[in-house]
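Peer 1: Starting off with a structure, shown below.
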Amino acid sequence: MASDFINKNFSNLKTFHPDAYRAIKDEIPSVNYEVSLAISGKPTLSLKSKEGKNKFLISQYDPIHEARRLLESLKVGDFTNFIVVGMGLGYQLSELIKMAPDFSKIIVIETDRQFARLALQSNNFSKILAHPGLTIHFSKEAGDIKTALEEERINFTLNGYCLIQQHSFSQANPEIFANLLTELKNFFQASQIDIKTHSKRSKTFYKNISSNYPHLLDSLAIDLLKDSLPNIPAIICSAGPSLDKNIQLLKTKKDNFLLIAVATALKPLLANGIQPDFVVAVDADEITLSFFEIPNKTTNSWLVYDLAIPPTIPKLFVGKRLVYDSSVNLAQWMQKYIGGSGSLGKIFSVAHAAFQFANQIGCSPIIFTGQDLSFDKNRLHCSYSQYYWENQDKIEKLKTLEHINQIKYFNYSKNLLERKSIYDQTIMTTTAMDTYSHMFSNSISKASSIFNATEGGIGIGGVKNILLREAINSYCQKDISTQKNKVLKNTKPKSSSVIAIKNAAKGQLVLLKRLLDQIKVTDRNCLGKPPITITNKEILVKQMNSIFQKLLENKETMLLLQGYDFSGFSVWNQKTNDILKKKKTLNATEVAEKEFQRDQEFLEVLKGSIMFNIGVCEMITNKNILN
């Protein structure tokens with residue numbers, strides 16, 4: 001019987017989940033567990049002990065009834081997305097498929113591959129593995145959860161999910177389960193921040209990227225500098241309040257390290273007579289422009305930038321621009337046809353981008369300073385930063401700088417958290433900065449030769465704290481200026497052609513204009529003449545569904561449109577999910593009305609996105625660039 005189970009399960013695994021099949025096919029069954037029959041006649045599971053007293057992890061009476069009770073207690077019918085931690089012998093999954101909506105997405109994460117092999121030979125998983133909404137990941141460690149969740153990240157973040165875990169399993173492997181839950185929490189906190197950012201700024205991203213198109217064509221790709229400065233010490237300077245303590249130290253042995261500044265730190269450094277080698281800019285907000293209001297509009301620094309930054313900034317760095325591959329759909333589309341510039345991975349803050357850049361060019365050690373990620377005397381930034389000057393301008397007779405900082409601090413009151421500083425004192429931070437700290441820790445803690453010389457703040461988990469003076473004296477002994485200047489002088493741009501992107505833009509223009517015509521006809525026929533009848537509403541929903549299905553067939557166009565109005569597409573996604581959940585409780589008329597309202601709003605979203613992207617494609621095809 002066991003061979004029958006494993007053959008059927010492996011066949012389904014190979015067909016529906018080939019990556020999972022490859023990960024597990026050569027594993028041997030775990031010897032830490034014992035499979036026996038429950039009183040109900042179904043396989044059950046116990047954990048072997050050295051004393052010979054096995055501990056049952058699944059009911060020894062009726063495993064199916066146990067699984068059903070757990071799912072009922074979690075009210076799985078209220079959800080459409082599920083994360084199942086640990087596959088067990090499949091009872092929870094089998095019952096979940098029966099109880100959850102047909103369109104549900106189910107992500108299964110199992111970290112013990114040998115146990116998974118045992119489970120697959122001990123019970124029938126055929127129907128489970130064939131479920132169209134199920135994905136299964138046999139992960140070696142908790143960090144793999146990011147890969148497991150990425151495909152459904154937006155869906156799960158927007159619409160929520162139900163976490164399902166068997167408590168007896170978590171008790172058997174407490175450390176693994178604790179790490180998994182921490183990874184889950186951190187992953188979705190980061191995702192929420194990312195989605196909020198895109199929802200708020202996606203149109204600004206597209207506007208800036210389209211304006212930066214000429215700059216993309218004459219910027220150097222960061223991958224040209226890959227490993228070009230190996231074992232050169234780099235100091236990454238942020239603008240946290242602790243920078244006031246030691247900013248002058250950055251003049252010490254300046255030719256013995258690379259100074260990489262985040263955008264907010266540029267003004268404080270220049271105000272103290274310190275010229276960074278590189279300045280990193282990633283933010284699209286207009287306030288970013290004020291970080292670059294520098295004397296004479298000239299600087300010897302090189303700009304490392306995301307295409308989404310305001311286009312005025314790259315103009316300040318003619319001949320000294322380094323661009324990297326952006327995560328925004330429009331930029332990815334451009335760089336696909338022009339040629340990739342090199343990736344810095346998933347970026348969640350400007351300091352993280354600076355770190356990834358330093359790592360990319362081979363720097364070691366990498367030293368952080370000014371990376372407080374917390375308040376100091378109600379301040380988040382150092383002196384001479386843009387925020388410092390803004391507060392200075394607000395000072396009046398009855399309004400001191402301390403009073404202004406306090407008012408600003410109180411504005412964060414709903415999102416404040418208490419944490420321990422590097423000096424083991426209670427300090428205040430925000431939810432967002434605390435999340436950045438965790439993400440920093442997760443992304444760099446495994447790397448060696450990284451130090452935190454930020455003399456304040458909450459620190460970075462897994463990174464050794466050190467005084468900046470000590471870091472410079474210990475690790476910045478050799479003059480590296482000749483080597484640095486030689487690399488930057490000899491780095492030449494890649495030979496590229498705009499023919500490919502012009503052809504791609506022409507193809508998109510045909511598709512987008514055809515799509516816009518369909519949208520306009522639907523709008524005119526269904527909404528043009530009030531009153532809007534039930535028939536008109538039904539036609540609108542039907543035609544919008546047809547348009548959307550055609551979009552799904554062209555992933556490139558879909559991503560371009562979705563990226564422009566991320567908020568509008570997100571609302572459509574949430575409303576669709578809500579309608580699907582409520583179909584069982586609403587009558588046909590109510591469902592039809594909700595679908596009409598959703599699609600009436602989405603029609604305008606789609607129209608606006610199509611028109612903007614048409615403008616971008618026309619700009620690219622008409623651009624008078626000989627190449």
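The values are calculated or read from the model by the stated rules, or taken from the named source; none is laboratory data. Treat the numbers as computed from the prediction; the structure is a model and nothing was measured. Glycine gets a Cβ as well: all are built from the backbone with ideal geometry, and neighbour counts include every protein chain shown. Keep in mind that these areas ignore ligands, DNA and RNA; they rest on the heavy atoms of the full protein, side chains included. Shrake-Rupley method; radii C 1.70, N 1.55, O 1.52, S 1.80 Å.
Peer 1: When GLN574 is evaluated against the numbered criteria (1) surrounded by fewer than 16 Cβ atoms within 10 Å (Cβ to Cβ); (2) farther than 22 Å from GLY160 by Cα, which criterion, by number, is the only one it fails?
Peer 2: Result: GLN574 fails condition (2) only.
Peer 1: Within the stretch 68-83, does at least one residue satisfy the condition of being closer than 30 Å to ILE28 by Cβ and of a type outside the set (A, V, I, L, M, F, W, C)?
Peer 2: Within the stretch 68-83 (the criterion being closer than 30 Å to ILE28 by Cβ and of a type outside the set (A, V, I, L, M, F, W, C)), the answer is no, since none of the residues qualifies.
Peer 1: Of LEU552, LEU603, LEU559, which residue is surrounded by 17 or more Cβ atoms within 10 Å (Cβ to Cβ) and either within 25 Å of SER327 (Cβ to Cβ) or modelled with pLDDT of 95 or more (or both)? Before you say what the answer is, go through the steps one by one.
Peer 2: On the way: LEU552 fails: surrounded by 17 or more Cβ atoms within 10 Å (Cβ to Cβ); LEU559 fails: surrounded by 17 or more Cβ atoms within 10 Å (Cβ to Cβ).
Criteria check complete, one pass: LEU603.
Peer 1: Residue under question is LYS494, and the condition is that it be touching a residue at least 40 places away in the same chain (Cβ under 8 Å), part of a loop (DSSP other than H, G, I, E, B) and open to solvent by 50 Å² or more (accessible area, probe 1.4 Å); does it hold? Don't jump to the end; show me each part of the working.
Peer 2: On the way: touching a residue at least 40 places away in the same chain (Cβ under 8 Å): yes; part of a loop (DSSP other than H, G, I, E, B): yes; open to solvent by 50 Å² or more (accessible area, probe 1.4 Å): yes.
When the stated conditions are applied, LYS494 passes them.
Peer 1: Still on this structure: Based on what the data block shows, is LEU527 surrounded by 20 or more Cβ atoms within 10 Å (Cβ to Cβ) and farther than 21 Å from GLY370 by Cβ? Step through it out loud before you land on a result.
Peer 2: On the way: surrounded by 20 or more Cβ atoms within 10 Å (Cβ to Cβ): no; farther than 21 Å from GLY370 by Cβ: yes.
So LEU527 fails the test.
Peer 1: Would you point out which residue out of LYS420, LYS489 is open to solvent by 30 Å² or more (accessible area, probe 1.4 Å), among the charged types (D, E, K, R), closer than 30 Å to GLY319 by Cβ and at pLDDT below 90? So that I can check it myself, show each step before the final result.
Peer 2: Values: LYS420 fails: closer than 30 Å to GLY319 by Cβ.
Answer to the selection: LYS489.
Peer 1: Within the stretch 35-50, does at least one residue satisfy the condition of being in contact (Cβ under 8 Å) with a residue 24 or more places away in the chain, aliphatic (A, V, I, L, M), surrounded by fewer than 18 Cβ atoms within 10 Å (Cβ to Cβ) and outside any loop (DSSP other than H, G, I, E, B)?
Peer 2: yes
Peer 1: Restricting attention to the stretch 217-231, which residues are open to solvent by less than 10 Å² (accessible area, probe 1.4 Å) and either free of Cβ contacts under 8 Å to residues at least 60 places away in the same chain or farther than 12 Å from LEU322 by Cα (or both)?
Peer 2: Across the stretch 217-231, the qualifying residue is only LEU229.
Peer 1: Those residues that are of a type in the set (Gly, Ala, Ser) and either within 21 Å of HIS215 (Cα to Cα) or in a loop (DSSP other than H, G, I, E, B) (or both), I need them from the stretch 262-318; list them, please. Show your work before the answer.
Peer 2: Step one: filter the stretch 262-318 for residues of a type in the set (Gly, Ala, Ser), giving 263, 265, 271, 273, 281, 284, 290, 301, 308.
ALA263, GLY273, ALA281, ALA284, SER290, SER301, ALA308, listed by residue number.
Peer 1: For THR15, work out the one condition from (1) in a helix (DSSP H, G or I); (2) open to solvent by less than 80 Å² (accessible area, probe 1.4 Å); (3) hydroxyl-bearing (Ser, Thr, Tyr) it doesn't fulfil.
Peer 2: Every listed condition holds for THR15 apart from (2).
Peer 1: Looking for whichever is open to solvent by less than 20 Å² (accessible area, probe 1.4 Å) and either among the aliphatic types (A, V, I, L, M) or touching a helix residue (DSSP H, G or I) at 6+ places or on another chain (Cβ under 9 Å) (or both) here; the options are LEU93, LEU74. Which one fits? If you could, list the steps in order and put the result at the bottom.
Peer 2: Numbers: LEU74 fails: open to solvent by less than 20 Å² (accessible area, probe 1.4 Å).
Result of the check over LEU93, LEU74: LEU93.
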